[in-house]
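Just below is one structure, and these are the notes that go with it.
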Amino acid sequence: MRTPRPVPTAVALVVLSAAAGVTVWRPWEGSADATGRPSGIAVSRSQCGQGWTDARTGRQTLVVHNTGDAAAEVDLVEVRSNKVYGEVEGLGPNTSASMDVQLGAGQYAIRCLIEDTDAITGPTVTLAGDAQGGPAVVPVTKNDMLPLVKKYQAGVARGIADLALKTDKLRADVDAGNLDAARTDWLSAHLAYNSLGAAYDAFGDFADKIDGPSNGFHPLEKGLWHKTSGLKPIADQLAADVHGLQKDLPNEQVDPNDLGLRAHEIMENALQFELTGENDQGSGTSLNTALANLNGTANVLAILDPVLKPRYPDLPEVQKWESRVRTLLTAHRNTPVDQLDRTTREQLNGAVGELLEKLAPVAAICEVRRGS
C-alpha cells in the first residue's frame, strides 16, 4: 500500500467534527484598531484571548490573529467541561484565521498553545441566550490513547507474524517453481499485509520495500501473472523484508495522533490505488485488496471505539457506510476493476466517498491536545 504525502501543516484543513465546518489560516488581511494592532482575538504569550469583545451566542465566525513571534494552535473551549468548540492549527506569526463556531449559553475561553510554552488560557467570557450550542469535542489525553496504541501494536505484531508465515510459504512455492500455488499464496500474503493498515508511514521504509510500486508484492505479482523469469530473488527479498519488519517492529513507535489518521488514510489509499486499478499488476484482485484495507480500517475503529463512542455522534453513520462498502466489495471481489460495469463502479466510489467523509473527523477527535 502506498502512503499519500501528508498535507503541509501550513495549509491543512482542520475538521473538528462532521458539522463544525473547517478552519484554514491565511496571512492577515483584516483591519486594525486605533493603535494599529490587528482587530480580532489576539493569540500570543502575553495577549492570549484579548480582544474578544463581541461575544454572543449562536452561529458566528471568530477571527484569531497571532500577534506573537512563534507558531501557535488555538482552541475555543468551554471552561467548565473543557470541550473544544473550534480550533486552528499552524497559525504563524502575523497570520489570521477564521473559526466557524456555534455557541450556547455558558463560559468560554481561548486557549493558546504556542511553541515551547505551556498552554495558556485567556480570559473567561460568559455568554447568555437561548441559542443551541454546536458540535464540540471532549479533549483526548495521552492516558486515553496510550492503552489503545498498545492494543493496536499488539494486534499488528500478531498480524506480521502471520504475514511472515505466508510470505515464507510464497517464497517456497516460487523456489520450487510451483507458480499455481504461488499465485494462490501471493494473494493470501498480500491480503494479510493490507489488512494491517499500513498507512501514514505505519512501517517506515519497510512499507515501500514490501508493497511499494517497484518492490515486494507488486513486481512479484507482475511476474507471477505474466510468467516472467527471475522471480526467485524477488520472493526471497520480500520474505527477508517481512522478517526485517517483524524484527524491527518493537522499535517502530506509534504516535498516538497517527492512530486516528490511519482510520481515514487506509481507505483513502484504497480509493486512490485500488478502486482505480492503479496497483493491479495482473492478478485482477484490487477489490480483494480494498476489502482487506476495509478490514484494516475496521480494526482501527474498533480499537478507537472507547474514545470515539462518547465523542462522535456520527459514529453510527461510519458503521453504516462501512457495512455498505463491505457489502459491495464482497459481492465483487475477484472481479478486476476494469471489468466492473459503470453502475457498480459509481456505487463503489460513492459509498467509499461517503465513508471517507464520515471518517474525516476521527483524526481531529482523537488528537491528543496539550493543556487538556
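The values are calculated or read from the model by the stated rules, or taken from the named source; none is laboratory data. On a predicted model such as this, the values are computed, not experimentally measured, just so you know. Ideal geometry is used to build each Cβ from the backbone, glycine not excepted, and the neighbour counts take in all protein chains shown. Side chains are part of the model used for accessible areas, which takes the heavy atoms of the whole protein and leaves out ligands, DNA and RNA. Shrake-Rupley method; radii C 1.70, N 1.55, O 1.52, S 1.80 Å.
Averaged over its residues, segment 330-372 has an accessible area of 50 Å² per residue, based on protein heavy atoms and a 1.4 Å probe.
Quick check for me: using +1 on Lys/Arg Cβ and -1 on Asp/Glu Cβ, what's the dipole size of segment 261-372 about its Cα centre, in debye to the nearest 20? Show your work: numbers first, answer last.
Numbers: 12 positive and 15 negative charges, 92 e Å.
For segment 261-372, the charge dipole is close to 440 debye.
Under the simplified labelling scheme, the residue 46-residue 357 pair shows an inter-label distance of 4.7 nm, with each label point 7 Å from Cα along Cα→Cβ. Rounded to the nearest 20 debye, the dipole magnitude of the chain is 600 debye, with +1 charges on Lys and Arg beta carbons, -1 on Asp and Glu beta carbons, and the Cα centre as origin. Springs between Cα atoms under 10 Å define the GNM used for the chain, and in it the highest mean-square fluctuation of 228, 285, 335 occurs at 228. Relative to the longest principal axis of the Cα atoms of the chain, the long axis of helix 256-269 makes an angle of roughly 60 degrees. Simple spin-label estimate for residue 151 and residue 248 gives 2.8 nm between the two label positions (7 Å along the Cα-to-Cβ direction from each Cα). Note: relative contact order over segment 254-372, using C-alpha pairs below 8 Å and six or more positions apart, is 42 percent.
Annotation for residue 59 and residue 302: the two label points, set 7 Å from Cα along the Cα-Cβ direction, are 3.9 nm apart.
For the chain, the cysteines with no partner cysteine C-beta closer than 4.7 Å are 366. Legend: calculated FRET efficiency, residue 105 to residue 143, from the Cβ-Cβ distance at R0 = 41 Å, rounded to 0.05, equals 0.85.
Rg ratio for segment 82-134: its Cα radius of gyration over 2.2 N^0.38 Å, N being its residue count, equals 1.29.
Projecting the Cα atoms of 67, 81, 93 onto the charge dipole of the chain (Cβ charges, centred on the Cα centre) puts 81 farthest toward the positive pole. If R0 is 30 Å, the Cβ-Cβ spacing of residue 180 and residue 342 corresponds to a FRET efficiency of close to 0.35.
Only Cα pairs under 8 Å and at least 6 apart count here; give the relative contact order of the chain as a rounded whole percent. About 17 percent, as a whole number. How large is Rg/Rh for the chain, to two decimals, with Cα atoms and a Kirkwood Rh? Result for the chain is an Rg/Rh of 1.06. Its relative contact order, with pairs defined as Cα atoms under 8 Å and 6+ residues apart, puts segment 47-202 at 21 percent.
Mind ranking 96, 323 by accessible surface for me, highest first, 1.4 Å probe? Intermediate values should be presented prior to the final figure.
Details: 96 5, 323 60 Å².
Accessible-area ranking of 96, 323, largest first: 323, 96.
Nearest 10 degrees, 0 to 90: what angle lies between the long axis of helix 179-194 and the longest principal axis of the chain (Cα atoms)? Approximately 10 degrees, to the nearest 10. Note on exposure: 226, 190 ranked by accessible area (1.4 Å probe, complete protein assembly) read 226, 190, with the most exposed listed first.
The Cα atoms of segment 138-230 define a convex hull whose projected area, averaged across directions, is 7.2 nm².
Ranked by solvent-accessible area (1.4 Å probe, protein heavy atoms only, all chains present), the residues 271, 328 order from largest to smallest as 271, 328.
Using 0.36 nm times the number of residues separating residue 132 and residue 255, minus their current alpha carbon distance, what extension gain do you get?
40.7 nm
Rounded to the nearest 10 square angstrom, residue 346 shows an accessible area of 100 square angstrom against a 1.4 Å probe. Comparing 194, 349, 251 in a Gaussian network model of the chain (Cα springs below 10 Å), the most mobile by mean-square fluctuation is 251.
Taking other residues whose beta carbon is less than 10 angstrom from the beta carbon of residue 280, and scoring Lys, Arg as +1 and Asp, Glu as -1, yields -3. Using the alpha-carbon atoms, what tilt in degrees (0 to 90, nearest 10) does helix 342-359 show relative to the longest principal axis of the chain? The angle comes out near 50 degrees.
At 222 nm, what value in deg cm²/dmol follows for the chain if DSSP H runs of at least 4 each add -39500 (n - 2.57) and the sum is divided by all its residues, to the nearest 500?
-14500 deg cm²/dmol
Multiplying the residue separation of residue 334 and residue 121 by 0.36 nm and subtracting their alpha-carbon distance yields 71.1 nm.
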